[in-house]
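Right, one structure below, let's go through it.
The values are calculated or read from the model by the stated rules, or taken from the named source; none is laboratory data. Keep in mind the model is a prediction, meaning the values are calculated, not measured. We place every Cβ from the backbone using ideal geometry, glycine too, and count neighbours over all the protein chains shown. For accessibility, only protein heavy atoms count, side chains too; no ligands or nucleic acids. Shrake-Rupley method; radii C 1.70, N 1.55, O 1.52, S 1.80 Å.
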Amino acid sequence: MTIKVHEKLLLTGAAGGLGKALRQRLKANCTTLRLSDLQDFGAAEAGEEVVLANLADAAAVDAMVKGVDAIIHLGGISVEGPFTPILQGNIIGAYNLYEAARKHGVKRVVFASSNHVVGFYRQDQTITADDPPRPDGLYGLSKAFGEDLSRLYFDRYGIETACVRIGSSFEEPRDRRMLATWLSFDDLHRLITACLTTPVLGHSIIFGMSDNAVTWWDNSRSRHVGYVPQDSSDVFRDAIYARTSSPDLNDPSAIYQGGGFVKAGPFPDVSPDKVA
Ligand code: NAI
Ligand code: 15L
């Protein structure tokens, strides 16, 4: 099956961890890949365009979106932290992106939402996309806003969006929690490809996870997207158990799905490694 169904795709957050992981992979999905970020990340290669833009700048976002067929929106603040950058990058930024998509007739978006939209569910619960959000901080709340915003733009303007609640997408799972939340880079690309190619996407909320034996998320509401994960965290299980101790079940980060994010805040200055 060909996956090259779009002429020009926009990837925001291209300088970030997932942007770098997807840059080469997404070239199979389009003729031209437009890459954007706030930070400079070097020159365009063959088949690429580079547009630097702050998501909080409506005019810059309008120019970034003009002329693309679909958007993979990864840009923004990716961890818990002070509200102002989250407001600028994730809330105003998402609004600017959807306004530009509406004005320029972009019909499909893959939005990098997060498991932190539902971080205050417990690790002994299995939830579906129909369960109400329970954000574990300002960051998760901003992603919940993005999910609701995209639903409004679907209901009112017909812009289809996949809100992918990414678990933990890194080269490998880093701790016991990530055995449940891990999403390999190849599976992330498979999931984005499924969202870009499925005939009718609608407004869908999908948990971004690999085929992990232990999971807290039931993706049965998104069978129409046709995502079939092919990787699993299970191959890392023995090594992670050997180098980590048993969780303290009185510790909220071991009880709730959001892990350390449930304790981070409201104005921490933390890196992903410190709160995983
Ligand atoms: P990252 O922090 O490495 O990359 C985010 C990129 O967005 C950075 O390059 C940054 O410069 C850019 N950015 C931040 N504010 C911006 C602004 N105002 N205007 C334009 N660009 C801005 O994050 P990562 O890990 O690559 O994640 C990508 C997306 O996926 C993020 O939206 C994150 O919230 C989401 N996500 C990632 C997960 C993961 O496990 N990596 C898990 C859940 C969600
Ligand atoms: C996220 O939303 C973050 O962007 C990422 O850095 C990880 O911390 C991930 O969640 C996680 O929950 O492991």
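In region 84-98, the residues that are more than 15 Å from Gly140 (Cα to Cα) form Cβ pairs under 8 Å with partners that are more than 10 Å from ligand 1 (Cβ to nearest atom) and assigned to a helix (DSSP H, G or I), at six or more places apart or across chains, as follows: Tyr95/Leu149; Asn96/Ala58; Asn96/Asp62; Leu97/Val65; Tyr98/Leu149; Tyr98/Ser150; Tyr98/Tyr153.
Rundown of residues vs (1) farther than 24 Å from Phe185 by Cα; (2) open to solvent by 40 Å² or more (accessible area, probe 1.4 Å), yes/no style:
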position: Asn54; (1), (2): yes, yes
position: Ala59; (1), (2): yes, yes
position: Val65; (1), (2): yes, no
position: Ala70; (1), (2): no, no
position: Glu99; (1), (2): yes, no
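There is no residue in region 255-272 that is of a type in the set (Lys, Arg), over 18 Å from the mean Cα position of the chain (by Cα) and modelled with pLDDT of 95 or more. Can you say whether Tyr139 is open to solvent by 10 Å² or more (accessible area, probe 1.4 Å), aromatic (Phe, Trp, Tyr), in contact with a helix residue (DSSP H, G or I) (Cβ under 7 Å, 6 or more places away or on another chain) and within 11 Å of ligand 2 (Cβ to nearest atom), as far as the supplied structure shows? Yes.
Taken as a whole, the structure places His203 among residues that are within 23 Å of Glu147 (Cα to Cα), under 18 Å from the mean Cα position of the chain (by Cα) and modelled with pLDDT of 95 or more. Give the residues of region 1-39 that are β-branched (Val, Ile, Thr) and within 16 Å of ligand 2 (Cβ to nearest atom), sorted by residue number. Answer for region 1-39, where residues must be β-branched (Val, Ile, Thr) and within 16 Å of ligand 2 (Cβ to nearest atom): just Thr12.
Does region 75-92 contain any residue that is away from ligand 2 (no atom under 16 Å from the Cβ) and buried (at least 21 other Cβ atoms within 10 Å of the Cβ)? Checked region 75-92: no residue is away from ligand 2 (no atom under 16 Å from the Cβ) and buried (at least 21 other Cβ atoms within 10 Å of the Cβ). Every condition in (1) within 16 Å of ligand 2 (Cβ to nearest atom); (2) free of Cβ contacts under 8 Å to residues at least 12 places away in the same chain is met by Gly42 except one, and the failing one is (1). Given the criteria outside any loop (DSSP other than H, G, I, E, B), among the aliphatic types (A, V, I, L, M), within 12 Å of ligand 2 (Cβ to nearest atom) and out of contact with any Leu (no Cβ under 9 Å at 6 or more places or on another chain), does Leu179 qualify? Taking the combined requirement at face value, the residue satisfies it. Applying a threshold of 8 Å to beta carbon distances and a minimum spacing of six or more residues, or different chains, the list of pairs starting in region 111-138 at a residue that is within 14 Å of ligand 1 (Cβ to nearest atom) and ending at one that is assigned to a loop (DSSP other than H, G, I, E, B) and among the hydrophobic types (A, V, I, L, M, F, W, C) reads Ala112/Leu74; Pro135/Phe120; Asp136/Phe120; Gly137/Ala264.
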